[in-house]
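The values are calculated or read from the model by the stated rules, or taken from the named source; none is laboratory data. Please read all numbers here as calculations on a predicted model, not as lab measurements. Neighbour counts are summed over all protein chains in view; Cβ atoms, including those assigned to glycine, are modelled from backbone coordinates with ideal geometry. Ligands, DNA and RNA are stripped out before the accessible areas are found, and what is left, the full protein with its side chains, is counted by its heavy atoms. Shrake-Rupley method; radii C 1.70, N 1.55, O 1.52, S 1.80 Å.
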Number of protein chains: 2
Amino acid sequence: MVKYMKRCHDRHEKVVEFRQPEELNKLINFELKDTPEDLATVIDYCRETLNYCVKTGHPRFFNQLYGGMDIVGLCGQWLSATANTSMYTYEVAPIFVLMERAVLRHMGQLVGFSDGDGIFAPGGSLSNMYAISLARHKKFPTSKMEGLFSLPRMAILTSKHSHYSFKKGAYFMGFGLNNVVMINCDAKGRMLASDLENQIIHLQSQGIAPILVNATSGTTVFGAFDPLDEIADICQKYDLWLHVDAAWGGAIILSAEKRHLMKGMHRIDSISWNPHKFMGCPFQCSAFLTKKKGLLEECHGIPASYLFQKDKMTYDISYDTGNKSIQCGRHVDIMKLWLMWKAKGDQGFTKKLHHAYEISNYLTEKIRNRDGFELVVEPVYVSICFWYIPTAIRNLSDGDVKRRKLSQVAPQIKAGMTKRGSMLVGYQPMDDKVNFFRMIILNSATTFDDMDFILDEIESLGERIEFVQNGFHNP
Amino acid sequence: MVKYMKRCHDRHEKVVEFRQPEELNKLINFELKDTPEDLATVIDYCRETLNYCVKTGHPRFFNQLYGGMDIVGLCGQWLSATANTSMYTYEVAPIFVLMERAVLRHMGQLVGFSDGDGIFAPGGSLSNMYAISLARHKKFPTSKMEGLFSLPRMAILTSKHSHYSFKKGAYFMGFGLNNVVMINCDAKGRMLASDLENQIIHLQSQGIAPILVNATSGTTVFGAFDPLDEIADICQKYDLWLHVDAAWGGAIILSAEKRHLMKGMHRIDSISWNPHKFMGCPFQCSAFLTKKKGLLEECHGIPASYLFQKDKMTYDISYDTGNKSIQCGRHVDIMKLWLMWKAKGDQGFTKKLHHAYEISNYLTEKIRNRDGFELVVEPVYVSICFWYIPTAIRNLSDGDVKRRKLSQVAPQIKAGMTKRGSMLVGYQPMDDKVNFFRMIILNSATTFDDMDFILDEIESLGERIEFVQNGFHNP
Ligand SMILES: Cc1ncc(COP(=O)(O)O)c(C=O)c1O
Ligand SMILES: Cc1ncc(COP(=O)(O)O)c(C=O)c1O
């Protein structure tokens, strides 16, 4: 494992030794059997796993909103794996429960909640669902007992650029996809507060009850920040729960310089903030925080006599966390984060953020000034969206033909870089914008040179593309 | 960590060095700050964490439905922590996606699904919610778009002894607690099929649509197994989704001798099975399996262009798992289980199970024959429920006075054992039965001697109890 960790930091190593599923199936015998395999084979499997997994800690892995390798965090993760327990009671997780309290308190203070509450969830999606759950409970407390059947139709409002977990939450929690109202954004991907208000008025005129507005701080693709103060004004006016999905962008709270992007955050009701994303905490670690003390338990509590014995004589049962949760057993995601925070202090994360901004600014400048590269949007965070436009189509006039060809570029370059294993960068279309790259800068080991490298690599792969009418060849 | 692992297997070591929250808060400085702490202090924190956490791997930890310490599983967990990735796409988790497929296929075959589907979820509670989600989607496919608002009232049927996650799921998913119908059980804790049918008829006569019947294989407290064949007959008759919550009991599928407890399982629609419980896989690991191929994706899929690019040229995107899930990022829970299964084969788990049955039978015999001990119910699995009745109240005639006193016994003994750190055993009341102990036998390191030890310890603590009218003293 230590060797693997070194390899992750070696630029001569590939980011991934990519194999097709069928090939990998031949290389490794995945099948399980009745009989055991010997220890040597099992150890081989471990080695092979590290050979063929994606090196998310590599300085040229830019594919997702997580990555890097924090040694202290990793030790924390190993340690809590060894302790092998569940968060639901103080009885079996005394020290982890206290760590969770300390971290939630600290994060809450940073957001500006004087006395809030919270819980760690298995991912930002579920954190966002916690928000929906609280908002519903607050507006229609009878829903806990009676469900949604006899209640008015409800709606969740979130921007077109927001994360799809609001949709997942909407049907999973019984609202239905049609009751997620997608608010328009400006060209930079920020929610238009004016459209939000229009939609609220429209819903109310139809007898539909909006229950929650989600504002995103750090959208998944553009890294945009919705204007919290404006949105808070509207939520206040219409008495709506204001949640902020800061799964990706929450880290900027730790920077006095950048915090203005979330101006107004002390006015919100709840927030999702994923330390496993920008902050580099080992996957998975997601905090849900709310200003409303006691509501999590009121909303999600079910007496379970076998776990939460009221007559426990051992300790004060208000330390048990199970009744705040929709889970029963809950993985210890807190140790790794707490330990990292101890080792870094707020300052360590601030430094990491400022480093990432420096690299991002450098990359942005390069893209702006280099032939064939074009920014999709001016970045405000560490997500850089851009096109590469190969020479062959560079001089085409704007229009459908160029769009169709341009949309073939990123997938082909992506396939090329994956095969080479030289780096990993994601791509996607968005609104009327055809496939473009999204670079995510968060690994502290990433340097200016890496930025030059990726632009060169994209150009070199992009120039080999053979465009075809219907479909296209691999470079 | 290696030292800790040794300590976990040393019977001279306490199971827990218990401290009150206030004490622990004094011993360890949990607060986070702006500035970093030095490495030596951080290492101290690691040491302290292992000092004060509960040794769930200790052979005298019987407190929960998980425990033990499987070295191969733990290595798998460390390794996947090091690989630090998410399960949602083959792109970033190639090898783990294939492991998940292999394990789901194998588990499905064991259950008797010829060609099913499945996913690993963060816990059995969410696995059970997956079942509710599929059942709802199958009965009312419009709910995905429209929600529950214009649909008839729906009900979930599950036994009184079943796990509370059906309640959590019910309100979280919009049904409401009142729409969970609790079916009566016989004295051994098994669902009464006759009552199930009566309730279905009653609901239908009221215009309420039952959508899912949950049968439990291995109830949380008694370890009872609901009669699957009888229940399947009823579900077939009324066209209802039959889910089996085998989170705790699923392991018996691996024993030809015990499998009859789940006779009829090939007829069910879905099952939750937690390898982190009996099978001793490091926490957390929970499988959800369904017979209906494609339904998970049909029900939970949302196109997210930034993750699941349809024009990926790198590989066949049907390997991406994200659209089956209600999560976005998903922790790699599969590596540890896959590796354990490789190292043990089915046989290894069967052996573990038979060992646990041997110990359980031994304990049951002892309880049956020892003065002052009384079984609450004849065990069929490795959960042994019993009372200790101290001499002082042993000769009281049955009635309220005795019940009130007896209910004080377990909490006091529990407080005593926690303070001593000698062992950990859970207790709870159930139906009309006052507080009793629930011994969970699953650690392969546990021996007959440990059983003698715990009975002696319970007796020794139990004899010191001072009963009081209202409230009671600590021993
Ligand atoms: C803005 C935003 N919110 C929420 C999520 C979901 O987080 P998770 O993957 O932890 O469920 C993401 C993930 O990409 C995100 O970008
Ligand atoms: C029968 C049963 N089902 C489900 C669960 C929930 O499993 P988890 O804690 O993984 O959510 C439990 C947990 O004790 C259980 O006993």
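Here are the numbers for this structure:
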{"item": "Tensor-based shape of region B:201-352 (alpha-carbon gyration tensor, a/c under 1.5 rounded, otherwise prolate or oblate)", "result": "oblate"}
{"item": "Positions from region B:388-420 whose accessible area shrinks by 50 Å² or more when the full protein complex is built, not the chain alone, probe 1.4 Å", "result": "none"}
{"item": "For the pair A and B, total buried accessible area rounded to nearest 100 Å², probe 1.4 Å", "result": "12900 Å²"}
{"item": "Under-5 Å amide H pairs with A:CYS53, H placed in peptide plane, nonlocal only", "result": "none"}
{"item": "Which listed pairs, of A:LYS414/B:LYS138; A:LYS263/A:LYS293; A:LYS167/A:LYS188; A:LYS55/A:LYS351; A:LYS366/A:LYS405, have C-alpha distances above 26 Å, in listed order", "result": "A:LYS414/B:LYS138"}
{"item": "Inter-copy separations for A:LEU177, label at 7 Å along Cα-Cβ, nm, ascending", "result": "3.3"}
{"item": "Label 7 Å beyond Cα on the Cβ vector: B:ALA445 copy-to-copy distances, nm", "result": "3.4"}
{"item": "Rounded if a/c under 1.5, otherwise prolate or oblate - chain B, Cα gyration tensor axes", "result": "oblate"}
{"item": "Drop in accessible area of at least 40 Å² in the complex versus isolated chain, residues of region B:160-180, 1.4 Å probe", "result": "B:TYR164, B:LYS168, B:TYR171, B:PHE172, B:GLY174, B:LEU177, B:ASN178"}
{"item": "Added length on full extension, which subtracts the Cα-Cα distance from 0.36 nm per residue, A:ARG394 to A:GLU365", "result": "8.4 nm"}
{"item": "Nm distances between copies for A:VAL401, ranked from closest, using label points 7 Å along Cα→Cβ", "result": "10.2"}
{"item": "Cβ nearest the rotation axis (B onto A), residue from chain B and distance to the nearest whole Å", "result": "B:GLY174, 1"}
{"item": "Rg(Cα) / (2.2 N^0.38 Å) computed for the protein assembly as shown, rounded to two decimals", "result": "0.93"}
{"item": "For chain A, share of DSSP beta bridges that run antiparallel, in % to the nearest 5", "result": "55 percent"}
{"item": "Full-stretch length increase - B:GLU48, B:HIS354 - with 0.36 nm per residue and alpha-carbon distance subtracted", "result": "106.5 nm"}
{"item": "Region B:75-341 - percent of accessible surface contributed by carbon and sulfur, probe 1.4 Å", "result": "51 percent"}
{"item": "Unit charges on C-beta of K, R, D, E only; dipole of the protein assembly as shown, Debye", "result": "200 debye"}
{"item": "Shape category assigned to region B:75-341 from the gyration tensor of Cα positions, a/c cut at 1.5", "result": "oblate"}
{"item": "Whichever lysines have a C-alpha closer than 16 Å to that of A:LYS168, once near sequence neighbours (fewer than 8 apart) are set aside", "result": "A:LYS160, B:LYS144, B:LYS324"}
{"item": "Accessible area in square angstrom per residue, region B:75-341, 1.4 angstrom probe", "result": "26 Å²"}
{"item": "Residues in region A:267-281 that a label on A:SER114 would reach, taking backbone N under 20 Å of a point 7 Å out along Cα→Cβ", "result": "A:267-271"}
